[in-house]
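Worksheet: one structure, shown below.
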Amino acid sequence: MSTVAGLAALALGLAGCGGSDSGNGTDEAQNSPAASEMAPAGSAEDDDQNEDADDNGDDKDDETKSAEDSSGQGLSADADLSKESPAISAEDAIKKAEKKVGGGTVHSIELDWDDDDQAWQYEVSVLDGKTDHDVEIDAETGKVVHDDKDDTDDKEKAIDLNDPMTFDDALKRAQKKSDGKLVSWKLEFDDGKQEYQFDFEKDGEDTEVTVDTNSKRVSVDD
């Protein structure tokens, strides 16, 4: 009997151990690395959604930058030419005009805003024999817009953008007479003189300042 009682006690003890192991096994399964790896499944979806949102945000940023780049090209109509310059330089404009005409004497160049074409344009005057060309060139693209021709018996001399006075030097002299916004300028050889003409605008008033490149004389015409 004692043997049977001992076996019964052992059986009960083993059964109790088995139940305890089963409960601990559940806890261990929940705390195992495999369970931890499976738990963030929902977080992965959230990450994907966040990435999609970021991508959409980047696309919007790119579109905004593209729009800004597009709208920011070139000078605005109210640009101050004393502070800003178009993409095409005066020297390049003269070269393009000479190429269009096929040579000749460049006796004038002017930069101003064309209301009809809604663009900044150079007008380069080139005398070819007895034909005077007024070649208009888009100051941002370099495209020849117009080439007007007139017959003339005038004898013109070639202008020089740097001799005996540079554009910057002439502008500084002109600005001592007017501190407005520079809306247009011109260099021409006329009546035996080479002169810069600067048109300033301030408070709705226009002022033209002329600088003689040889005598350095500055005159103002309100």
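Key figures for this structure:
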| quantity | calculated |
| --- | --- |
| Residue list for segment 156-174, filter: among the polar types (S, T, N, Q) and within 28 Å of the chain's Cα centre (by Cα) | 166 |
| Filter result for the condition that a residue is open to solvent by 30 Å² or more (accessible area, probe 1.4 Å), of a type outside the set (Val, Ile, Thr), farther than 19 Å from residue 189 by Cα and modelled with pLDDT of 95 or more, over 99, 65, 60 | 99 |
| In segment 206-222, the residues that are modelled with pLDDT of 95 or more and exposed (fewer than 11 other Cβ atoms within 10 Å of the Cβ) | 215 |
| Test: residue in segment 114-128 that is of a type outside the set (Asp, Glu), in contact with a His (Cβ under 8 Å, 6 or more places away or on another chain), outside any strand (DSSP E or B) and open to solvent by less than 70 Å² (accessible area, probe 1.4 Å) | no |
| Long-range neighbours under 6 Å by Cβ, at least six apart or interchain, first residue open to solvent by 100 Å² or more (accessible area, probe 1.4 Å) within segment 141-165, second modelled with pLDDT of 95 or more and of a type in the set (Ser, Thr, Tyr) | 149/131 |
| Residue that is most open to solvent (accessible area, probe 1.4 Å), among those in segment 172-181 that are in contact (Cβ under 8 Å) with a residue 24 or more places away in the chain and out of contact with any Lys or Arg (no Cβ under 8 Å at 6 or more places or on another chain) | 176 |
| Positions within segment 187-205 being within 20 Å of residue 106 (Cβ to Cβ) and open to solvent by 50 Å² or more (accessible area, probe 1.4 Å), in sequence order | 190, 191, 192, 193 |
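The values are calculated or read from the model by the stated rules, or taken from the named source; none is laboratory data. Model, not experiment: these values are computed from the prediction. Quick reminder, even Gly has a Cβ in these numbers, built from the backbone with ideal geometry, and neighbours come from all protein chains shown. Accessible surface areas use protein heavy atoms only, side chains included; no ligands, DNA or RNA. Shrake-Rupley method; radii C 1.70, N 1.55, O 1.52, S 1.80 Å.
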